[in-house]
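K.L.:
Structure in structure tokens, see below.
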Amino acid sequence: MSELLWKSAKELSEALSNKEVSAVELAQAMLARADEVDPKIHAFLKRTDEIALEQAKAADERRARGETSSAFDGVPVAYKDIFCTKGVTTTMGSKILETFVPPYSATVVERCEAAGLTMLGKLNLDEFAMGSSTEWSAYGPTKNPWDLERVPGGSSGGPPALIMSGGVPWGWGTDTGGSVRQPAALCGCVGVKPTYGLVSRYGIIAFASSLDQAGPFARTVEDAAILLMLAAGHDPMDATSIPQEVPNYLDGIDAGIQGMKIGIVKEFTDTEGLQPGVKQRVDEAYTRLERLGAELVEISLPSFQYAISAYYLVAPAEASSNLARYDGVRYALRSDEGTDIVKMTSRTRDEGFGPEVKRRIMLGTYALSAGYYDAYYGKAQKTRSLIIKELDAAYEKVDLIVSPSSPDTAFKFGAKTADPLSMYLSDIFTVPVNMAGNAGISIPCGLSPDDNLPVGLQIIAKSLDEKTMFRAAHAFEQDLGFASDPGMRPQI
Ligand code: GLN
């Protein structure tokens, strides 16, 4: 069974259809792998063994009748614990939602279920998806399978850690400022931030609604594209969902990148804090793209320097409003202390929220307060418009833009928790993409010569041009051979 653990979902789909393995056997093998690795990495907040086995049994019965729900009927999946799952606790990594059991499932979960995917469980994250290391999870951090003394990145640290431990072929996270791409980079797998509005946000607990977007993790670009296709597309339950057909991203994915124009951002070349080993591997990646036939073009996007500052006003502002609903009345935690409603609410929020969430609420309410609104929130929105404008102009000249995904490789626990600003800078390369609503992907581009840890290359595409992005990412992946090399896996 162990050889199944590292197969792609696409290969598992073939194994299922050739009857080399059953869905129940697959679920069992992956749950047994979780028994082995999860005590070390702590990727799961909740395992759903019973549901997985029940769904797998149903998948096998369908297949026996010749009635599969999709080509991936019976392939396991796992979700960041931000996706509502009907009847299964959804904690958001927070004490305030410790006992919250959603009465419905997120559209992403429903669509994956409709395709026959079996749910192994709910995975760890920074509390309310605020962070870059999972160290802010109220339930303890996830560990990086490449080095258990290091973070997996965040906020969606659980899915890539499990995927790179051979515990599941693919999974779902969310990316508000980099939370899929940065942990994918730090764990050595693929992570996608789709165009804003491509995947429904219905049933995903809100952090910053104008930036939040669900995104797939996988070990191959093709798998990430497939998982995205299974859930993407218009959903009337989300007013920001784009009413447009989702193209087949696999069509022409092998076409290569001959003649493509790829932009390199001038303002990113001397980013402070960019590790030499990361810079080296990313520079090599640019050369590889050139060798594969792309034309590299230097572009200037001056507004990118202000993206982090603007993001840390817009995201906390929206968060402070979204998190107002945790009042001790409507959801989960309610403090026993407090003699009236105001005191009860205030005690509940004090007991239920952790330090980073409280910091964001304070930042956000301050940025929105009457006397400061124009100076902070208003200014940040103007910066956001500028980022969009400059990117639109860049796409007149180039098809795609490349950069590192993260300035550093996986860092040690505790390295950044005492200094919020250094943690915030983890997203320096990813945040502009969310601010503009564009698409982005992180793919492995080797191990850093500094510390033998994975480095991620980010490829950015204009809104709804995921197809070109996947095509380039796939060409790079096939040429590098990282994903298909058993030597390029953590020894766990
Ligand atoms: N690390 C960023 C933050 O803390 C992004 C988080 C995310 O994308 N959910 O806000």
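K.L.:
R0 = 60 Å: FRET efficiency of MET362 with GLN491, Cβ-based, nearest 0.05? List each step's numbers first, then the result.
P.N.:
Working: r = 42 Å, r/R0 = 0.71.
Between MET362 and GLN491 the formula returns 0.90.
K.L.:
Between SER335 and GLN258, take the C-beta separation as r, use R0 = 60 Å, and let me know the FRET efficiency to the nearest 0.05. Walk me through the numbers on the way to the answer.
P.N.:
Values: r = 62 Å, r/R0 = 1.04.
That pair, SER335 with GLN258, gives E of 0.45.
K.L.:
Let me ask another. How far, in nm, would the chain grow between SER70 and ASP35 when pulled straight, counting 0.36 nm per residue and subtracting the alpha carbon separation?
P.N.:
Working: separation 35, 0.36 × 35 = 12.60 nm, distance 2.85 nm.
Length difference between fully extended and current span is 9.7 nm.
K.L.:
Another question about this same structure. Can you give the accessible area per residue of segment 307-395, in Å², using a 1.4 Å probe? Could you put the intermediate results ahead of the total?
P.N.:
Values: 4660 Å² over 89 residues.
So segment 307-395 comes to 52 Å² accessible per residue, rounded to a whole number.
K.L.:
While we're looking at this one, here's another question. Helix by helix, which DSSP H runs in the chain go 24 Å or more along their axis at the Cα atoms and have an average Kyte-Doolittle hydropathy of 0.0 or more?
P.N.:
Working: long enough: 23-41 (26 Å, 0.21).
Going by DSSP H runs, the hits are 23-41.
K.L.:
Which residue, GLN381, ALA317, VAL342, has the largest displacement toward the positive end of the dipole of segment 313-382 when charges sit on each Cβ (Lys, Arg +1; Asp, Glu -1)?
P.N.:
GLN381
K.L.:
Based on DSSP H runs of at least 4 residues, each adding -39500 (n - 2.57), what is the mean residue ellipticity at 222 nm of the chain after dividing by all its residues, to the nearest 500 deg cm²/dmol? Write down the numbers at each step before the final one.
P.N.:
Numbers: 15 runs with 176 residues, N = 492.
Counting only the DSSP helices, I get -11000 deg cm²/dmol.
K.L.:
Then there's this: Only bridges whose two residues both fall in the chain count here: according to DSSP, what percent of them are antiparallel, nearest 5? Let's see the in-between values first.
P.N.:
Details: 29 of 43 bridges.
Counting DSSP beta bridges with both partners in the chain, the antiparallel share is about 65 percent.
K.L.:
Can you work out the PRE-style zone for SER422? Point 7 Å along Cα to Cβ, and I want the residues of segment 356-391 with backbone N under 18 Å.
P.N.:
In segment 356-391, the label zone of SER422 (backbone N under 18 Å from the point 7 Å along Cα→Cβ) covers 356.
K.L.:
Would you please put 61-67, 265-271, 92-98, 124-130 in order of how densely packed they are, using the mean number of other Cβ atoms within 10 angstrom per residue and starting with the highest?
P.N.:
Working: 61-67: 11.3, 265-271: 15.3, 92-98: 23.9, 124-130: 29.9.
Highest to lowest by the protection proxy: 124-130, 92-98, 265-271, 61-67.
K.L.:
Hey, got the Cα dimensions of segment 1-132 along the principal axes, in Å, largest first?
P.N.:
Principal extents (largest minus smallest coordinate, Cα): 45, 32, 24 Å.
K.L.:
Positive end of the dipole of the chain, charges at C-beta (+1 Lys, Arg; -1 Asp, Glu), about the Cα centre: which of THR118, LEU453, SER484 has its Cα farthest in that direction?
P.N.:
Most positive-ward Cα: THR118.
K.L.:
Which pairs, out of LYS279/LYS389; LYS266/LYS379; LYS358/LYS416, put more than 26 Å between their alpha-carbon atoms?
P.N.:
LYS279/LYS389
K.L.:
Based on the mean of other Cβ atoms within 10 Å per residue, sort peptides 469-480, 208-219 so the most packed one is first. Provide the component values of the computation, followed by the final result.
P.N.:
Details: 469-480: 23.1, 208-219: 25.6.
Most protected by this proxy first, the peptides run 208-219, 469-480.
K.L.:
Report, to two decimal places, the Cα Rg of the chain normalised by 2.2 N^0.38 Å (N = number of residues).
P.N.:
On the way: Rg = 21.3 Å, N = 492, 2.2 N^0.38 = 23.2 Å.
The chain yields a ratio of 0.92.
The values are calculated or read from the model by the stated rules, or taken from the named source; none is laboratory data. Owing to the predicted nature of the structure, the values given are computational and were not obtained by experimental measurement. Methodologically, a virtual Cβ is constructed for each residue, glycine included, from the backbone with ideal geometry; neighbour enumeration extends over all protein chains shown. To get the accessible areas, we keep the full protein, side chains included, count just its heavy atoms, and leave off ligands, DNA and RNA. Shrake-Rupley method; radii C 1.70, N 1.55, O 1.52, S 1.80 Å.
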